1. Would you be so kind as to identify which of A337, F457, G426 lies farthest towards the positive end of the dipole of the range 160-472, taking Lys and Arg as +1 and Asp and Glu as -1 on Cβ and the Cα centre as origin?
2. How large is log10 of I(q)/I(0) for the range 160-472 at q = 0.11, 0.13, 0.14 Å⁻¹ when the intensity is taken from the Debye formula with one equal scatterer per alpha-carbon?
3. Mind listing the Cα extents of the range 308-356 along all three principal axes, in Å, largest one first?
4. Go through 190-198, 351-359 and give me the packing order, highest mean Cβ count within 10 Å leading.
5. Rounded, prolate or oblate, given the Cα gyration tensor of the range 106-145, with a/c below 1.5 counting as rounded?
6. Using a probe of 1.4 angstrom, how much of the accessible area of the range 340-485 is carbon and sulfur, in percent?
7. Go from 0 up to the bin containing the longest alpha carbon distance in the range 351-404, width 5 Å each, and give me the % of pairs per bin.
8. Over the alpha-carbon set of the range 149-279, divide Rg by the Kirkwood Rh and report the Rg/Rh ratio to two decimals.
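The values are calculated or read from the model by the stated rules, or taken from the named source; none is laboratory data. Predicted, not measured: the structure shown is a model, and the values here were computed from it. As a convention, Cβ positions derive from the backbone with ideal geometry for all residues, glycine included, and neighbour counts pool all protein chains shown. Side chains are part of the model used for accessible areas, which takes the heavy atoms of the whole protein and leaves out ligands, DNA and RNA. Shrake-Rupley method; radii C 1.70, N 1.55, O 1.52, S 1.80 Å.
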Amino acid sequence: MKPFLPSPTTLLLCGLISIVTLRSDNMRAAQAPVVRTLAAPPVARPNAQGVANAAGTPRPRPAWTDGTAAPPTATTSWSQTDPFAPVYIVTSRDTYQGIRGLARDAVGRRDSTGMPLVISEIRADSLGEIGRHVHVNERRCGGFFAFPNRAQAEAFLHADRSRQAMTKSLLASYTLDNQATVDRWLPQVEERRIYDTINYLSSYRNRYYASSFGKTSAEWIRTHWQSLAAGRSYVTTELFTACTNCSTQPSVILTIQGWDLPNEVVVLGAHLDSINANNRNDLNQLAPGADDDASGIATLTETLRIALSEGWRPRRTVKFMGYAAEEVGLRGSNAIAQSFRSSGVNVVAVLQVDMTNYKSGAVPDMKLIADYSNADLKNFFVTLFDTYLAPRGLTRGSVACGYACSDHASWTNAGYPAAMMFEAGGPNGSFPYIHTTSDTLATMGESAQNSVKFAQFALAYLGETAKTAPVRFTGGPAPVFREGG
Ligand SMILES: [Zn+2]
């Protein structure tokens, strides 16, 4: 068959047709609502030990039964913020050098540790870009505090207590004497449950602080955490909305009232928002944030489930927190820490988990953040790790993370003892897909195995800081008094 040699006009015609079709595809894609079907939320089911899966394959989803509110299926979100609104940020001087093209009216300041800082003004729609600059050029997340006006930024630095928080020791000594509880908890951590929570949260189009998804996903966390409390009278949850620049996204706080040291508060926190660095304030941006930081919320959720499942009652009061608007300047955690400071709440220890599920190559299993943290608490974290995780063959490292790198910095600034355990990352240290559409379980081998270690660390921290009251919740009104915890 003689080959078909098209004439120049035919060629031209074909070319035109393909351009027309291509363009209409794009237009169609642009117009068509991106339907992201949310995975079914994790269910509060009885222990199902050892549900393994072939590594890397997405898993079948359990039907939901825990009455958690149905997730939104809307694809468009309503606008809450003016992209041109001024935002006042506090950064390190080094970070400022990198972002000065986006900022104006900069003034030099120092915090109580003597760290050279800058207060400058940016536009709201360049927040993503600031985040991307910090990530790409400084290989870390966060990097700034944000305020709605300059006076608040100045007042924040004026009241800074970081130096005090980093050096003082609150509890006479963090003790290690609750193995009975912790050793019972550690084997109960289930990778599948952590996977389910990450999968569910990362199936929201985004959890951006100003989008409706950012609000509804936070409300889902609150309802889900409350469902794990299963009617225990001494467990309450709230949406913290007293943050003036968190738009419509609340922070979530679950409180387990302490038995005999109720005025000493132990905090475990992670941030519940997500961001795509290319977003320019697009409320419909695609920002799954599976590792950053759905993995942290999932780690705390599994810690909470295990601690509450057997009616454990702490001696000290415990607060689990999901912070709003971390990606746009640590706004939620800063608002909470400042309000605790001004109402004189006695926080004795804060654990931050931000990104727990990525490990690639020959790197330690987790890293202690070395800076902007309390010295005593860091030493205690090392002791906890060496006592409870090292015997399981796990290894630890440490890394400096810089100014305002995650929510623990809000507590440090407010004068409270805080520290953070960070994921292993890759050979060059950080998670390559942070703040992108590829921050998904697929890029983490469709597994939450790395976060299992962090849930075990969080359980060790919880047991050894909050301790165990000599009572246990057995349902019904009055707890039964039982000797020896
Ligand atoms: Zn993060």
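1. With unit charges placed on the Cβ atoms, the residue in question is A337.
2. At q = 0.11, 0.13, 0.14 Å⁻¹ the computed log10 ratios are -0.59, -0.85, -1.01.
3. The Cα atoms of the range 308-356 stretch 38, 31, 14 Å along the principal axes, largest first.
4. Most protected by this proxy first, the peptides run 351-359, 190-198.
5. oblate
6. Carbon and sulfur atoms account for 56 percent of the accessible area of the range 340-485.
7. 4, 17, 28, 27, 17, 6, 1
8. Radius of gyration over Kirkwood radius for the range 149-279 works out to 1.01.
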